[in-house]
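> Below: one structure in structure tokens.
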Amino acid sequence: HVQFDDEKGEKIFPSLSPLFRGHPEIHLRNGIMKASRQAAANQADAEKAFFVADLSQVYCQHERWLKALPEVEPHYAIKCNPDPYVLRLLAALGTGFDCASNGEISHVLNIGGIDPSRIIFANPCKATSFVRSAAKAGVDKMTFDNADELYKIARAHPGAKLIVRILADDSKSICRFGIKFGAPLDVVPSLLAKARELKLDVIGVSFHVGSGCYDPSIYEDAVKRARTAFDMGTHAGYTFSLLDVGGGFEDGHFETAAGVLTNAINMYFPHRHREGIRIIAEPGRFYVSRAFSLAANIIARRAPMADGSIEEEHRTPGPKTDEPSVMYYINEGVYGAFNCIMFDHQVVSPYVLSLNGSFHHSTSEPLSLSSVWGPTCDSIDCVCKVAELPSALQVGDWLGFDNMGAYTICAASQFNGFEFSDIVYTASKAADEEVRRVLRRFAKDLEVS
Ligand code: PLP
């Protein structure tokens, strides 16, 4: 499927091979080989942007999870990145899945070998037809946060196992959800009474502190609220058996978040009362963000002319010396993978993969203030308003972007006729043997280099 062969690559497309020769440490090396092979097969694709998906990184994140939160069963939120090989790897590693729609449920079940009991339909506001399809597919666990949803579920899936999603403090997260989802605690008793009246089975409580949580102390308050909701459940005649601590886990804060969560669980759900309670989570970003890097090609450039004059009178941004003077146009933009800048409030920073046609490894060349733009005809399509990049950067050179795995590919469009970027799979780290072994079970057609 995807096989890398440095020697063959060199023969096929020699002009790119200096980019990696003698530098086996370069992260995107294999991806650049793929690009070179594409170029050989089809000149029109010579500079197409591409992702490198390092499946070992996903594996390592799972190991981190197991170490820090051994009692919490991850249900990967597939909305974040439904990449088929990521899903297969996680399926083989035994995680569950958080699905938000009919389509996502089919996506997971189509992998094969995944029991529907490993899925939680974690969207509190679902179309009736989706609830009906979930029932047909055998997906029983689903969240709700309002009475209308209860009527809907009573009609479409009366045997569902319901989880009440409560409102959590999301003020410490980059993407806040509280304005749209989550029942305030004072509403929960009446919701549970309605569920009882409709003879529905409520089995537990969920919350989500918001995506991209930068202050993990917030998990403590959320667990405390969940404890109150559990007690409300007992009062309503239910025996809750599921606590779902949602997503929001950030790579850089993960161990801290795990510590806060563990302490809060021990405090509000002490061991002696925890028997029979299953604890799950819905991490998305944590698993995939670091695993995907993007290589984009500089397809155009607007810069001051060599004589010091500027090319156009109204060039944007302005010609002041403290403002970016060189504009680079790359072949991924905010209508594509960089939609994360708009929807996910991300700030991205480019690094140089190739400079003037050669692999880039020096840090000593002169830099100039630049801006980086996407390929579409819309001026909103700005990837980076200000970046310090080497003055020698040319059309045809490559820029790299790390941490491009979460909320990027999944929401990309083909606006202006620009195709989705390809994905090259690799397993580069120490865990690659293990990744291959695990993947073989679920991905027979994948050759990981
Ligand atoms: N669960 C639900 C219900 C969500 O809406 C989301 C994100 O939108 C997630 C989990 C994943 O969140 P994160 O990627 O921050 O872990």
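> Report yes if Ile78 is closer than 28 Å to Gln57 by Cα, within 16 Å of the ligand (Cβ to nearest atom), modelled with pLDDT of 95 or more and touching a His at 6+ places or on another chain (Cβ under 7 Å), otherwise no.
Details: closer than 28 Å to Gln57 by Cα: yes; within 16 Å of the ligand (Cβ to nearest atom): yes; modelled with pLDDT of 95 or more: yes; touching a His at 6+ places or on another chain (Cβ under 7 Å): yes.
Yes: the conditions hold for Ile78.
> Next question, about the same structure. Looking at (1) out of contact with any helix residue (DSSP H, G or I) (no Cβ under 9 Å at 6 or more places or on another chain); (2) among the polar types (S, T, N, Q); (3) surrounded by 18 or more Cβ atoms within 10 Å (Cβ to Cβ); (4) in a loop (DSSP other than H, G, I, E, B), which one does Ser379 not meet, given that it meets all the others?
Going through the list (1) out of contact with any helix residue (DSSP H, G or I) (no Cβ under 9 Å at 6 or more places or on another chain); (2) among the polar types (S, T, N, Q); (3) surrounded by 18 or more Cβ atoms within 10 Å (Cβ to Cβ); (4) in a loop (DSSP other than H, G, I, E, B), Ser379 breaks only (3).
> Answer yes if at least one residue in the stretch 47-57 is at pLDDT 90 or above, over 18 Å from Ala295 (Cβ atoms) and in a helix (DSSP H, G or I), and no otherwise.
No, the stretch 47-57 contains no residue that is at pLDDT 90 or above, over 18 Å from Ala295 (Cβ atoms) and in a helix (DSSP H, G or I).
> Could you list, in sequence order, all residues of the stretch 393-414 that are under 9 Å from Phe292 (Cβ atoms) and assigned to a loop (DSSP other than H, G, I, E, B)? Walk me through it before giving the result.
Quick first cut of the stretch 393-414, residues under 9 Å from Phe292 (Cβ atoms) only: 402-406, 408-409.
Answer for the stretch 393-414, where residues must be under 9 Å from Phe292 (Cβ atoms) and assigned to a loop (DSSP other than H, G, I, E, B): Asp402, Asn403, Met404, Gly405, Ala406, Thr408.
> Yes or no: Ala291 among the small types (Gly, Ala, Ser) and at pLDDT 95 or above?
Values: among the small types (Gly, Ala, Ser): yes; at pLDDT 95 or above: no.
No: the conditions fail for Ala291.
> For the condition more than 13 Å from the ligand (Cβ to nearest atom) and either modelled with pLDDT of 95 or more or crowded, with 18+ Cβ neighbours inside 10 Å (or both), what is the one hit in Val202, Val245?
Numbers: Val245 fails: more than 13 Å from the ligand (Cβ to nearest atom).
Val202 is the lone residue from the list that is more than 13 Å from the ligand (Cβ to nearest atom) and either modelled with pLDDT of 95 or more or crowded, with 18+ Cβ neighbours inside 10 Å (or both).
> For Ser171, only one of the following conditions fails: (1) at pLDDT 95 or above; (2) within 30 Å of His253 (Cα to Cα); (3) surrounded by fewer than 17 Cβ atoms within 10 Å (Cβ to Cβ). What is its number?
(1)
> Okay, next question. Has the stretch 209-217 got any residue that is surrounded by fewer than 21 Cβ atoms within 10 Å (Cβ to Cβ), more than 16 Å from the ligand (Cβ to nearest atom) and over 26 Å from Phe97 (Cβ atoms)?
First, pick out the residues of the stretch 209-217 that are surrounded by fewer than 21 Cβ atoms within 10 Å (Cβ to Cβ): 214-215, 217.
If we keep only those that are more than 16 Å from the ligand (Cβ to nearest atom) too, we end up with 217.
Within this subset, residues satisfying the condition of being over 26 Å from Phe97 (Cβ atoms) are 217.
Yes; the residues of the stretch 209-217 include at least one that is surrounded by fewer than 21 Cβ atoms within 10 Å (Cβ to Cβ), more than 16 Å from the ligand (Cβ to nearest atom) and over 26 Å from Phe97 (Cβ atoms).
> Could you give me the residue pairs with C-beta distances under 7 Å whose first residue belongs to the stretch 208-220 and is under 16 Å from Leu167 (Cα atoms) and part of a helix (DSSP H, G or I), whose second residue is among the small types (Gly, Ala, Ser) and within 13 Å of the ligand (Cβ to nearest atom) wherever it lies, and which are 6+ apart or on separate chains?
Filtered contacts from the stretch 208-220: Tyr219/Ala257.
> Oh, and also: Could you count how many residues in the stretch 259-304 are within 16 Å of the ligand (Cβ to nearest atom) and either in a loop (DSSP other than H, G, I, E, B) or in contact with a Pro (Cβ under 9 Å, 6 or more places away or on another chain) (or both)?
Of the residues in that region, 9 qualify.
The values are calculated or read from the model by the stated rules, or taken from the named source; none is laboratory data. Everything numeric in this text was worked out from a predicted model, so none of it was measured. Here the Cβ is made from the backbone with ideal geometry for all residues, glycine too, and neighbour counts use every protein chain on show.
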